[in-house]
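Colleague: If you scroll down you'll find the structure; I have some questions about it.
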Amino acid sequence: MKDIQLQKEEQASSVRKDAKQGAEAQDPRKWEWVEAGVWTERMLAALANGVKGDKWYSMMDKVYARRTLEAAWKRVESNSGAAGIDRMSVEQFRTNQDRYLLELHESLREGSYQPEAVRRVYIPKGKGETRPLGIPTVKDRVVQTALKMALEPIFEKEFLPMSYGFRPGRGCKDALREVDGLIKDGYTWVVDADLKSYFDSIPRAGLLSRVKEKIGDGRVLSLLDSYLCQEIVEEMKMWIPTMGTPQGAVISPLLANVYLHPLDIRMMESEHKMVRYADDFVIMCRSRGEAESALTQVREWTENNGLTLHPEKTHVGNCLESGQGFEFLGYRFEAGRREVRKKSLQTLKDKIRGQTKRTRGDSLKRIIEDINPILKGWFGYFKHAMRTTFKATDGFTRRRLRALLRKQQKRPGQGRCLADHQRWSNAFFAKQGLFTMVEAHVLARQSR
């Protein structure tokens, strides 16, 4: 019995060693995404080789350096975005950017900087539901971006390959490619997990504790804590949340990955094939027993770390069987098919409806110019779905345009009759420059 336990411990130690070596294989000195004005070649070399105590001190001066704040402002400016509680827009900041950046530099250096309250709004989530979104001020977004520039390489060095969300050089398509490959390799039993209100429920003390494992600069830790304790303003209400990290904050995705990193390690040590995009993850297994064991471990970990699995959205199933599929990053994998999930398709239709209202008085050319980027972007992401989806979507778009054209001619109707199809045929819309998904799918297949 003792030999078996020793063997398990040696195996776990070997897995941890392999993981560390895998992380070290990504040499920080070759990272092109790192902000050169913040991370010097000497610092990157230290990151690659390891620092004393495995902790980073004296990082605050990197955050408030003028060159860091200027680089951070350029990113905030390029992302645009709404104004915060102070009603200062990106355009207004731009008119006095030198003065504002100097003020931020001095207040951060002196320790007098305090973030302002976050303006809360709600955005549609589907089925009449909404999701809260926090909008920090432009000044706070600049400081958070500078903070992220300074801290991200430290944690990126530790993150595992199974994590894809909000990481440099990684994205949804990479995660989907991994899932698709695992299914083809026989990992068809899937744990489809959903963390309930993850961003709003991250335990603050636990999050800061994990940050402290790598960061020893008290001023940086205090700055992070000030963001976690920001007041939230919603119309006439104002309060300070006791847990979580604000959705919409620049620093939140990085902190979310930091908190879930130990779960990645747990799954890796158990040799489970997990694919995670922020708080959305699936665990790919070869058998029901393996999947149920993985779910038990995830449930245990979440309970011990102050998180909750959504009881209705978490399940185990064989994705090759009808009715047992799973949804991940906009797709639905079921019965050997890769389909667009209904919510993603509905979102596209709602956007097309918004651009093709029959009361719109613009020319057909202008309308097509507005909807083509929507169609192209959607197809670019979902081009690996079943081809029947594209034919139906093209038909929906043309019907909306026919109904609009009828309205402009002061003729009632939905544009579904044969006469309308003959008057405004598919070839007619193609000649007008309308993007066609069916044709794009054929060309995509030919170029493979």
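Colleague: Express in whole angstrom the spacing between the alpha-carbon centres of segment 201-255 and segment 26-50.
Modeller: Centre-to-centre distance over Cα atoms comes out at 26 Å.
Colleague: What list of ³J(HN,Hα) values in whole Hz, one per residue of segment 150-160 in order, does the Karplus curve 6.51 cos²θ - 1.76 cosθ + 1.60 (θ = phi - 60°) give from phi, with Gly and Pro shown as x?
Modeller: So the Karplus estimates, Gly and Pro as x, are 6, 9, 4, x, 4, 7, 4, 4, 8, 4, 9 Hz.
Colleague: Whole-Hz Karplus ³J(HN,Hα) for segment 302-317, in order, using 6.51 cos²θ - 1.76 cosθ + 1.60 and θ = phi - 60°, x for Gly and Pro?
Modeller: So the J values, rounded to whole Hz, are 5, 5, 6, 10, x, 10, 9, 7, 5, x, 8, 10, 10, 7, 10, x.
Colleague: Next question, about the same structure. HN-Hα J couplings of segment 383-388 from phi, Karplus 6.51/-1.76/1.60, θ = phi - 60°, integer Hz, Gly and Pro as x?
Modeller: Coupling constants for segment 383-388: 5, 8, 7, 4, 5, 4 Hz.
Colleague: Sticking with this structure for a sec: State which stretch of the chain is the longest one without any exposed chymotrypsin sites (Phe, Trp or Tyr not before Pro), exposure meaning a DSSP loop state and at most 16 other Cβ atoms within 10 Å.
Modeller: The answer is 167-448.
Colleague: May I pose another question? Report, in listed order, any pair from K357/K431; K74/K357; K139/K376; K139/K212; K139/K273 with a Cα-Cα distance greater than 32 Å. Write out the running numbers ahead of the final one.
Modeller: Values: K357/K431 22 Å; K74/K357 37 Å; K139/K376 34 Å; K139/K212 25 Å; K139/K273 41 Å.
From the list (K357/K431; K74/K357; K139/K376; K139/K212; K139/K273), the Cα-Cα distance tops 32 Å for K74/K357; K139/K376; K139/K273.
Colleague: Bin all alpha-carbon pair distances of segment 357-397 at 5 Å intervals from 0 and give each bin's fraction as a whole percent.
Modeller: Final binned percentages: 5, 19, 25, 23, 14, 10, 4, 0.
Colleague: Between rounded, prolate and oblate, where does segment 122-233 land on the alpha carbon gyration tensor, with a ≥ b ≥ c its root eigenvalues, rounded for a/c under 1.5, else prolate if a/b exceeds b/c?
Modeller: Numbers: a/c = 2.08, a/b = 1.39, b/c = 1.50.
It is oblate, given that a/c is not under 1.5 and a/b is not larger than b/c.
Colleague: Which sequence of V63, V316 reflects their accessible areas, 1.4 Å probe, from the largest down? Walk me through the intermediate numbers first.
Modeller: Working: V63 0, V316 35 Å².
Final ranking, largest accessible area leading: V316, V63.
Colleague: Using Cα atoms only, what is the angle between the long axis of helix 218-228 and the major principal axis of the chain, expressed in degrees (0 to 90) to the nearest 10?
Modeller: Result, in degrees: 30.
Colleague: Please work out the ratio of the alpha-carbon Rg of the chain to 2.2 N^0.38 Å and round it to two decimals.
Modeller: Expressed relative to 2.2 N^0.38 Å, the Cα Rg reads 1.13.
Colleague: Another question, then. Rounded to the nearest 0.05, what FRET efficiency is calculated for S287 and D200 with R0 set to 35 Å and r the Cβ-Cβ distance?
Modeller: Efficiency at R0 = 35 Å is approximately 0.50.
Colleague: Per DSSP H run of n ≥ 4, the term is -39500 (n - 2.57); total these for the chain, divide by its residue number, and report the mean residue ellipticity at 222 nm rounded to 500 deg cm²/dmol.
Modeller: -16500 deg cm²/dmol
Colleague: So, in Å, what gap is there between the alpha-carbon centers of segment 68-128 and segment 268-334?
Modeller: 37 Å
Colleague: Identify all aspartates and glutamates with a Cα-Cα distance to K52 below 15 Å; exclude those on the same chain that are fewer than 8 residues away in sequence.
Modeller: Output for K52: E213, D217.
Colleague: If amide hydrogens are placed 1.01 Å from N in the peptide plane, which non-local residues have theirs closer than 5 Å to the one on R332?
Modeller: The list, which skips near neighbours in sequence, is E339, V340, R341.
Colleague: Right, here's the next one. How many percent of the accessible area of segment 262-384 is carbon or sulfur, using a 1.4 Å probe?
Modeller: Ligands and nucleic acids excluded, carbon and sulfur reach 44 percent.
Colleague: Here is a further query. Could you give the dipole magnitude of the chain about its Cα centre, charging the beta-carbon of Lys and Arg +1 and that of Asp and Glu -1, in debye to the nearest 20?
Modeller: Taking the Cα centre of the chain as origin, the dipole is about 2940 debye.
Colleague: Can you list residues whose amide H is under 5 Å from Q247's amide H, if they're 5+ apart or on another chain and H is modeled 1.01 Å from N?
Modeller: G134
Colleague: Accessible area, 1.4 Å probe, largest first: how do R276, R67, R338 sort? Don't skip to the answer; put the middle values down first.
Modeller: On the way: R276 0, R67 140, R338 40 Å².
From most exposed to least exposed: R67, R338, R276.
Colleague: Could you check the simple spin-label distance between C417 and R99, using points 7 Å along Cα→Cβ, in nm with one decimal?
Modeller: Spacing of the two 7 Å Cα→Cβ label points: 6.5 nm.
Colleague: For the chain, give me the percentage of DSSP beta bridges that are antiparallel, rounded to the nearest 5 percent.
Modeller: Just about 90 percent of them are antiparallel.
Colleague: Hey, with R₀ at 45 Å, roughly what FRET efficiency would S80 and R266 work out to, going by the Cβ-Cβ distance, to 0.05?
Modeller: Approximately 0.70, to the nearest 0.05.
Colleague: Additional query: Measure off 7 Å from each Cα along the Cα-to-Cβ vector at E235 and R337, then give the distance between these two points in nanometres to one decimal.
Modeller: The two pseudo-label positions are separated by 4.3 nm.
Colleague: Treating the angle as unsigned and between 0 and 90°, give the value, to the nearest 10°, between the Cα long axis of helix 252-269 and the longest Cα principal axis of the chain.
Modeller: 80 degrees
Colleague: Hey, what's the chain come to in accessible area per residue, 1.4 Å probe, Å²?
Modeller: That works out to 52 Å² for each residue.
The values are calculated or read from the model by the stated rules, or taken from the named source; none is laboratory data. Everything numeric here is computed off the predicted structure, so don't read it as measured data. Glycine also receives a Cβ, built like all others from the backbone with ideal geometry; neighbour counts cover every protein chain displayed. These accessible areas exclude ligands, DNA and RNA; they are computed on the full protein's heavy atoms, side chains included. Shrake-Rupley method; radii C 1.70, N 1.55, O 1.52, S 1.80 Å.
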